[in-house]
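Have a look at the structure below, then the notes.
The values are calculated or read from the model by the stated rules, or taken from the named source; none is laboratory data. Since the model is a prediction, treat every value here as computed from it, not as a measurement. Quick reminder, even Gly has a Cβ in these numbers, built from the backbone with ideal geometry, and neighbours come from all protein chains shown.
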Amino acid sequence: MFTVTTVNLSADTSTADCRVGPSELGVLTPDEFRSLLDRLSGIESAQPDGADPHLVVTSAAGRFIIRTGQGKLFLYNARNTTEPSSPLSPEELVTQLDPQITQAPFAFPPATPTKKPKAAPHYAIASAFFVAGLALNGYTLYTFFNIERVASHPSVVVLTDRKEIATRDPDTLGSYATGSRPGDRVITVTPDGKVRFSELGSPDGISINTDTFRLGLHGKRLCLLTAESGVVDFVNPDTLLYYGDTYRRSK
């Protein structure tokens, strides 16, 4: 499954629009994601209004940015967009972002039927249980993913009232961490409207990625709506929730 945020794309994701910032689509199935990639590949990256239409995607393989240009799609690591990228087709992108997804098996022409001896009764019973198990597993997976899609988060509403922003903004400033050991992740919100994603004990010791943000409401929760890093939710003034990880105020 793919968690997708669009940036500078119209509501129907068919055209670029610089007036539209990050907008969460939620969790998409592989087929829905392919359709979205097909539409994105038809949009030219160089827009007269300066829009930069792209997707921010989180999957089992990590977090990535997908850009378009000349009818082709380019994949970048969200934490290092300076790395070179080769053009990929929508199908190649889907397979690369979720290694568990494989191409459909080739269809072989049916062979000429031949008479076979009847299977022993216990083999037939075992086969029936095997088929029933596959059907049950398939139904369980379908139910799980369907529930997950229905329960996806609502869209973010950006705060525009200056008084409300001025009141809420000071409460968001500070550093939040998943823990205090090397490798734990840190989110730092600064007064200049930026959010920094870092890691304790990282080689540079300071920053992995810096992004800009706007304050918004994600359902009933206050949140940071970033330009390229997705949505950071405030569970309470001292606790953040970011892609399933809990960050608690450290400063």
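The number of residues in region 146-180 that are assigned to a loop (DSSP other than H, G, I, E, B) and at pLDDT below 90 comes to 5. Just to verify a result, which residue in region 222-241, among those that are of a type in the set (D, E, K, R) and at pLDDT 90 or above, is surrounded by the fewest Cβ atoms within 10 Å (Cβ to Cβ)? The qualifying residue surrounded by the fewest Cβ atoms within 10 Å (Cβ to Cβ) is Asp238. Filtering Leu97, Leu93, Leu9 for residues that are aliphatic (A, V, I, L, M), at pLDDT 85 or above, farther than 24 Å from Val156 by Cβ and crowded, with 19+ Cβ neighbours inside 10 Å leaves a single hit, Leu93.
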